[in-house]
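See below for the structure under consideration.
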Amino acid sequence: MLIGLIITIVLQKIELTLARKEFARSADSLEAQNINIEIQRFESTFFRLLEFFDACRNDVEYKSQNSEPKLGREAFRGLYNHFVDYELHDWEHSEETFSMEPVWSDKSSTAEGVQRAYVNFYKGEHGEDLGAYFRTLYNILKLIEQTKNITDKQLYSNLIRAQLSRYELLILFYNILSPYGNEKMKELVMEFKLLKHLETELLPEKNRQFFDEFKT
């Protein structure tokens, strides 16, 4: 009787150990399945947002007096040149050429002056298109940041960075210096190094100092 009881207890312990191992395997399998589902949902949302972001870019328009309206990446080039020429410079009459010439504004050499210049630029006719563009970019970056089970977040942020033209990066730079992007967007741009390939030689010389904190 005693030997039979001992054998029964030993068998029960073995069965319990096996059951625990099986439960652990099932739990691990379920967790892995849930992680895969989360990643699939993330990637589905990420690529839909990326498509929407491209549509927002293509909707950005720049009109100048002497040429046809430009859209998309070409519009960003026009917007950037307009911002530099008309917001960071003053226009004065030249006695030599008898025409109006751009003259660098001293206030544009200060952070406060640059912020005011961009706010004035954004509040004009360009804010609506740029607002949708930057809100979408922010939401994509936030999605990457908040999704927990992505092991290589830089991979996805690199896909975004690869989409940005030189003039988009320049406009983004001034946007995050301004009140519109300084509070939330700036942190994500720095975390994911979106300005890594910004060509500083395209910045006005007296604004290049503001890029120092973004160098990696």
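Taking the criterion of being in contact with a helix residue (DSSP H, G or I) (Cβ under 8 Å, 6 or more places away or on another chain) and surrounded by fewer than 16 Cβ atoms within 10 Å (Cβ to Cβ), the residues of segment 51-62 that qualify are Phe52, Asp54, Asn58, Asp59.
Conditions tested, residue by residue: (1) small (Gly, Ala, Ser); (2) at pLDDT 95 or above; (3) within 30 Å of Ser44 (Cβ to Cβ).
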{"position": "Asp90", "(1), (2), (3)": "no, no, no"}
{"position": "Lys107", "(1), (2), (3)": "no, no, no"}
{"position": "Asn120", "(1), (2), (3)": "no, no, no"}
{"position": "Phe134", "(1), (2), (3)": "no, yes, yes"}
{"position": "Leu141", "(1), (2), (3)": "no, yes, yes"}
{"position": "Thr147", "(1), (2), (3)": "no, no, yes"}
{"position": "Tyr174", "(1), (2), (3)": "no, yes, no"}
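For segment 90-183, which fully contained helices (runs of 4 or more DSSP H) count at least 3 residues that are within 13 Å of the chain's Cα centre (by Cα) and β-branched (Val, Ile, Thr)? Write out each step before concluding.
Numbers: elements: 111-121, 127-146, 153-163, 166-177.
It comes to 127-146.
The values are calculated or read from the model by the stated rules, or taken from the named source; none is laboratory data. No experiment lies behind these values; they were computed from the predicted model shown. Note that we place each Cβ from the backbone using ideal geometry, even for glycine, and neighbour counts take in every protein chain shown.
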